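Student: Structure provided below as structure tokens; questions to follow.
Only the coordinates and a few stated rules stand behind these numbers; no lab work does. Since this is a predicted model, take the numbers as computed values, not measurements. Please note: Cβ atoms are built from the backbone with ideal geometry, for glycine as well, and neighbour counts cover all protein chains shown.
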């Protein structure tokens, strides 16, 4: 199975700007800057002629995906498999609190009342067969921790989540990969 996918982190949200851990909270909306980041990603993706956009169903990612899909004139498919990591008790609290706690955990240890990094990686693995069945390049719009775990799965630096609006190309055949990253 081979996938040529452009992974895009959703544009800046109101909670990103405020430094608040979003996790799976559905409502943080994109800022005007986040909408511009989505349009910029769409413009950069256009020459690659993607055939569809597959996105997290959380508002900030879905809004980013709709901007990209509209600009590229391709369908947008939403899936809960691309949702951000569930940050449990840290959702709605300062991002730094969750990050400090996470630094003490192994990848298979969940945050209290939330998910582990390995849980997120398992969701990505479950999505892979459907991505592999799609023709042409695919745009995957999701969240920072999901992209971080995708990079870890394919043995690329998975230590940090990419910036909002960041575009990363992952072409892989399960055990092989190539990447290119652009930060706005």
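Student: For Rg and Dmax of the Cα atoms in Å, pick the label among (i) 17.3, 54; (ii) 18.6, 62; (iii) 15.2, 44 that corresponds to the value derived from the coordinates.
Tutor: Entry (iii).
Student: Starting from 0.36 nm per residue, how many nanometres of slack lie between residue 160 and residue 96 once their C-alpha separation is accounted for?
Tutor: 21.7 nm
Student: Related question: Under a plain spin-label model, where a point goes 7 Å from the Cα along Cα-to-Cβ, how far apart in nm are residue 49 and residue 134?
Tutor: Inter-label distance under the simple model: 1.7 nm.
Student: Given the options 71, 63, 101, state which has the largest fluctuation in a GNM of the chain using a 10 Å cut-off (strictly under) for Cα springs.
Tutor: In this elastic network of the chain, the residue with the biggest mean-square fluctuation among 71, 63, 101 is 101.
Student: Counting DSSP beta bridges with both partners in the stretch 3-182, what percentage is antiparallel, nearest 5?
Tutor: Antiparallel bridges make up about 50 percent of those DSSP assigns within the stretch 3-182.
Student: How much length, in nm to one decimal, is gained on full extension between residue 2 and residue 122, taken as 0.36 nm per residue of separation minus their Cα-Cα distance?
Tutor: The span from residue 2 to residue 122 would gain 41.4 nm if fully extended.
Student: What ranking, highest mean first, results for peptides 120-131, 139-150 when packing means the other Cβ atoms within 10 Å averaged over each residue?
Tutor: So the order, starting with the most tightly packed, is 139-150, 120-131.
Student: How many nm is it between the label spots at residue 89 and residue 105, if each spot is 7 Å from the Cα in line with the beta carbon?
Tutor: With each label placed 7 Å out from Cα toward Cβ, I get 1.2 nm.
Student: Between the stretch 138-152 and the stretch 109-133, what's the alpha-carbon centroid distance in Å?
Tutor: Going from one Cα centre to the other spans 10 Å.
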